[in-house]
Amino acid sequence: MNRAWFLRGCGLLLLLLLPWILRDRLSLTVPFVIGLHAILALGLALLAGQAGQVSLGQAAFYGIGAYTAALLTVRLGWDPWLALGMAVLVAASLAYVLGAPVMVLRGHYLVLGTLALNVVVEVILRNWQSLTGGANGLSGVPPLHLGPFGALRGTLPYYYLVWGLVLASLWLGHNLLRSRVGRALAAIRASEVAAVSLGIPPVRYKLQLFAYSAGCAAVAGGLYAYELGFVSPSPFGFELSIAILVMGVLGGIHHLPGAVLGAAIVTLLRELLRSLLPQFFRGGASAEYEAVVYGLLLAAAVIGAPTGLWPLLARWTRRPSQESRVQPAQPPLWRLNQVPVDPPEPARDPVVKAQSLTKRFGGLVAVDDLSFTVSPGEIYAIIGPNGAGKTTVLNLITGLLRPNSGSLVLFGSPVHMLPPERIASLGVARTFQTPRVVWDLTVLDNVRLGMHLHLQAGFFTSLLGLNHEEEASSVRQAGVLLERLGLVPHAHEIAANLPFGSLRLLELARALALRPRLLLLDEPASGLSREQRMELARLIQEIRAEGVTVVLVEHDVEMVLQVADRVLVLHQGRRIAEGPPSVVRSHPEVISAYLGPAAAEIATAGPKDLRGNRRAQA
Amino acid sequence: MKPSWARRSPESARGAGGSLQVYDLQASYGPVQALRGATLECAPGELVAIIGPNGAGKTTLLRAILGLLPHRGDVLLDGRSLTALSTEDRVRAGLALVPERRQLFDTLSVRDNLLLSGFGRGLGRSRMEERLRLVFSLFPALAERPRAPARSLSGGQQQMLAIGRALMGEPRVLLMDEPLLGLAPLIVSELLGLLRRLCDEGLSVVLVEQNARAALAVADRAYVLERGRIVRSGSARDLQADPAVHSAYLGGPLKPEAPRGK
């Protein structure tokens, strides 16, 4: 048994025995409140740490949960459990409605939105006297009841209930992070562009997570109301939202157990300050000083432990060689199950049909009235000087950019209005010029990101961990791809540790995991060693042989001439030549604009090949 | 078509190159030792290439020379040890790096990216302007859009900007990490020609390059780095003729079906 499990056991025992330890000396209220705060902070840690969206609305959803439960039981006489369920539903739906317009705007607008929500909720609670009882609050909230135990009175049952829920949310959060949805969130955090190109809809996942964290806050609010039997507006103020954020950051926003640790530290400190400060500052100024102490604490945490306290603690409990996140799979197992490559039906429509595409960036015309067609099963290369618009063409095909004019048809259906994640789901995969992998995920998980569209597990399935079979099979399939690209030795390394060349191969593996019908490669050979380039050229031909159409943007002219069926040469967004490699490479305009009269001597591209050809022409 | 600088030798590029000496450099990422004692030198006005497979430690070597990661061993510029200096001070002493993956200031304009580098080296206004003219004459594509934010440039243009930014600071030793990445063949040959000329005029260059053929064609001397160690060194001409180097890094024309080497 290792130290981490031993400590976990100790923690659990302490939680169980705490009521007896404290007995009559101290009230159980503080541990109960820590539990409530831990649930709030866990919701925030998922949202901020995983989806990169900071919310200052946890206190508002906490209040909405408490008031919904209180109002339904007091005014309408609902069953407390039913009212709790309703509270969750109300908070989650509100989060969904509020989040929908906010999440579409990329960036940190959620902070502003939730800030406003907090203010609005506070005002309503205080001033809608007839409904909420105003500042006096609502009393007479009935307690929960539980079968054989009858009505749950006193703090003790709620203490166990809330800590049970803390453990449950830790477990749910843990499941979520290790699932298809968790990987999707990591991708969204790392690069939204890469995520949508893999068919991951960022808005949907962010919204689901926001609604989930609001729902968790509402559960905590309901328990608070039932335990106390009374609700008033003051505990749900804006300061609590700030305190929750401090808890998350102090504990370590990327680590779920950190949220619990942060909640414990901040809540205890709050209690301590409440009893200490009035002794120093008379006349009610202590609340302001409390804020000062928070500020100092936050500053100290950010400077001293920028990733939070939990990683420091975890480093101490875990031997460094042990990476518990991913269990090393058995590579030979992967070989048992070959990827089911269902050969795509031979299409007759052109794979890409672009007509008069134009894309302007301000005054710069990046793609200028460009038409071209890519046929099924073709390797179609696009070459041209730097800034000719090659990558822009790929971005137009994948929907990352919308053309200013012109039409684009993929597999026979017009796509110019589709968002990139829908285009990916048509079977379009790509790699990027600068690899956009998720640095903090393992190589294996990065490849599994590419399978997003082929895996089913949704938010709730992932939360409950009901995805084992699918996860296991996705590991096997990813293993086959890793083997194909020679990445098996790196499978369990964090992507950030890979050398540049291997990152390119990793991106290619991820793109292949999408099982594309159309594969777009943006300078796949740059940064690769000679040996890897040869391997890549072989691989591209192999991929084509499996029925995939390939569009290749590349400066390694030697490779382009080797593998491409047709070559499009762009210059300043326009076509200057198109045709089989043999025709293109001797085209005078191509030589003057791109290859260069002297380039062949020392350039990347096969000097001998080009030189020989030009002589033959001359 | 050919820019004017390709023939004219840039007057202002002339400057005394430094001599760089690196002794027994060692560096690791956590438990992984990426550099296991690399010793090399670059004389004033010399163009030294470093070739080797992916993951050999080439990037680590340049980063360690610039002090971007903790290392053991010694780095000397003109006989003066830089080992105790921070990266900023090493840059002030005359080192400059063209980093892997560009690492530009994305939201700043092309011009501001360039000026920042001169600013960091403490160049005066007039030298800065002069330097700016030089860089723009080297890369006309940049001169066309000086006010465009760096992130709006195409990949290859960003690479030019990264090179221009390093040149802007009047370095004495220029460290280049795969500068040819993503550049069109025409630009590649022009850039290599330019490097050769800058070296002939006194600049010292350490060129890390995956494209061994191009690197050896332009370099004076070269080192082969494998698994964190220098395994071969010599004049570029000798290395080009070395059968082991040839089969591992140069090879014949690329043929996917062909067996490795000869």
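Assorted remarks:
- Cβ-derived FRET efficiency at R0 30 Å, B:ASP78 paired with B:GLN33, nearest 0.05: 0.55
- For B:ILE50, nonlocal amide neighbours, meaning residues 5 or more places apart or on other chains whose placed amide H falls under 5 Å from its own, are B:LEU207, B:VAL208, B:GLU209, B:TYR223.
- Secondary-structure-derived ellipticity at 222 nm for chain A, considering helices only, amounts to -17500 deg cm²/dmol, per-run term -39500 (n - 2.57) for DSSP H runs with n ≥ 4.
- When peptides A:433-446, A:553-566 are ranked by their average number of other Cβ atoms within 10 Å per residue, the highest-first order is A:553-566, A:433-446.
- Other residues with beta-carbon under 12 Å from the beta-carbon of A:LEU539 carry, at +1 per Lys or Arg and -1 per Asp or Glu, a net charge of +2.
- By the equivalent-ellipsoid construction on the alpha carbon gyration tensor, region A:515-587 comes out with semi-axes of 20, 15, 12 Å, ordered largest to smallest.
- Spin-label pair A:PHE230-B:GLN103: with each label point 7 Å from Cα along the Cα-Cβ axis, the two points sit 6.0 nm from one another.
- Axial C-alpha extent at least 30 Å, average Kyte-Doolittle at least 1.6 - helices from chain A (DSSP): A:80-104
- Computed from the C-beta positions of A:LEU22 and A:TYR96 and an R0 of 45 Å, the FRET efficiency is 0.65 to the nearest 0.05.
- Inter-label distance for A:LEU89 and A:LEU312, nm, one decimal - labels placed 7 Å from Cα along Cα-to-Cβ: 4.6 nm
- Sorted by Cβ neighbour density within 10 Å, fewest at the top, the residues B:MET176, A:MET534, B:MET128: B:MET128, A:MET534, B:MET176
- Reachable aspartates and glutamates from A:LYS206, criterion Cα separation under 17 angstrom, eight or more residues apart if same chain: A:GLU192, A:GLU421
- In region A:213-290 the Cα-Cα distances spread across 10 Å bins starting at 0 as 16, 40, 35, 9 percent of all pairs.
- Applying the Karplus relation 6.51 cos²θ - 1.76 cosθ + 1.60 with θ = phi - 60° to region A:352-369 yields 3J(HN,Hα) values of 10, 10, 9, 10, 6, 5, 9, 9, 10, 10, x, x, 8, 8, 7, 10, 10, 6 Hz, where x marks Gly and Pro.
- Translational diffusion coefficient of the protein assembly as shown (Stokes-Einstein, Kirkwood radius from Cα pairs, 20 °C, 1.002 mPa s): 70 µm²/s.
- Lys, Arg +1 and Asp, Glu -1 on Cβ, resulting dipole of the protein assembly as shown about Cα centre, debye, nearest 20: 480 debye
- Maximal additional length on extending the A:VAL292-A:ASP440 stretch stands at 49.8 nm, based on 0.36 nm per residue less the C-alpha distance.
- Neighbour-count ranking [beta-carbon atoms within 10 angstrom, fewest first] of B:TYR249, A:TYR62, B:TYR23: B:TYR23, B:TYR249, A:TYR62
- The mean sequence separation of alpha-carbon pairs under 8 Å and at least six residues apart, normalised by the residue count of chain B, gives a relative contact order of 28 percent.
- Label-reachable residues, region B:29-59, where backbone N falls under 13 Å from a point 7 Å from B:VAL231's Cα toward its Cβ: B:51-57
- Applying the criteria of a DSSP loop state and at most 12 other Cβ atoms within 10 Å to the trypsin sites (Lys or Arg not before Pro) of region A:1-61 yields A:ARG23, A:ARG25.
- Estimated inter-spin distance, A:GLN572 and A:THR358, nm [label 7 Å along Cα→Cβ]: 1.6 nm
- In straight-distance terms, cross-link reach from A:LYS353 covers every one of the aspartates and glutamates whose alpha-carbon lies under 14 Å from its own, apart from those fewer than eight places away in the same chain; here that gives A:ASP369, A:GLU378.
- Amide H contacts for A:ARG430 (H built 1.01 Å from N in the peptide plane; partners 5 or more residues away or on another chain; cut-off under 5 Å): A:LEU520.
Values quoted throughout were computed directly from the atomic coordinates according to the rules given, and no laboratory measurement underlies them. Quantities reported herein were computed from a predicted structural model and do not represent experimental measurements. With ideal geometry, Cβ positions are generated from the backbone for all residues, glycine too; neighbour counts draw on all protein chains shown.
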